[in-house]
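The values are calculated or read from the model by the stated rules, or taken from the named source; none is laboratory data. As the structure is a prediction and not an experimental result, all values here were calculated from the model. Backbone-built Cβ (ideal geometry, glycine too); neighbour counts: all protein chains shown. Note: areas computed on protein heavy atoms with side chains; ligands, DNA, RNA excluded. Shrake-Rupley method; radii C 1.70, N 1.55, O 1.52, S 1.80 Å.
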Amino acid sequence: MSVSTNVFAPASRPFVAQHAAPRQRPGHILTSRRHLTHSQQLVCNAATLQFIKGIDEPSVPDVKLTRSKDGSSGTATFVFSTPSVFESSEELGDITGLFMIDDEGEFSTVDVQAKFVNGKPDRIEAKYIMRSAFEWDRFMRYMERYAEQQGLGFQKSK
C-alpha cells in the first residue's frame, strides 16, 4: 500500500535564497548556518529539468508522488502538458531521458513516454523510481528547490 501526494504549479517566480556571509577565519570550513551573518544574499543555482542534455525545459509538470509505508521505495510521475521540447527536438536532438539537475548534482530516468492525440504530440510522462530512503530524501531536496523556484505547492492526498 502506498501513500499518494501531489505537487502542483500555479505560477513561477524568481528564486533567491537568503544566506549570509561567513565569518572570516583562516582554514575554517562552514558546517552549519550558525556561522553565517545576515548581510549577504546568495543567488542559488536553479533546479532544472531537461529532456535533452544542456537544454532546460521551461514548462512546469504536474508531479504525483507515491511512497511505500515503510519508506523504502517510491515513485515520482511527471506529466508535462505541451512541453517545449516537442517544438525544438528536431533542431536540438532526441529526448534521451529526464534529467533533474540542482546544486547537489544530477539524477535521471530513461522511463519517458510521449503521448499523442490524433497523430500530434500532446504530453510527456516520465517516471522516476526511488529504491531507497536515501534516493527519496535526495529527490525531495531537489523538489523543494524546484518547487520554490517555480512557485509550486505541496498537497497531500486523502
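Key figures for this structure:
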{"item": "S72 vs. criteria open to solvent by 30 Å² or more (accessible area, probe 1.4 Å) and either in contact (Cβ under 8 Å) with a residue 12 or more places away in the chain or assigned to a strand (DSSP E or B) (or both)", "result": "yes"}
{"item": "Any hit, the stretch 132-155, residues being of a type in the set (D, E, K, R) and farther than 23 Å from A46 by Cα", "result": "no"}
{"item": "Search result, residues across the stretch 109-145 that are over 17 Å from D62 (Cβ atoms), touching a residue at least 12 places away in the same chain (Cβ under 8 Å) and of a type in the set (G, A, S)", "result": "S132, A133"}
{"item": "Pair list, Cβ under 8 Å, 6 or more apart: the stretch 47-59 residue without any contact (Cβ under 8 Å) to a residue 40 or more places away in the chain, other residue among the charged types (D, E, K, R) and open to solvent by less than 20 Å² (accessible area, probe 1.4 Å)", "result": "none"}
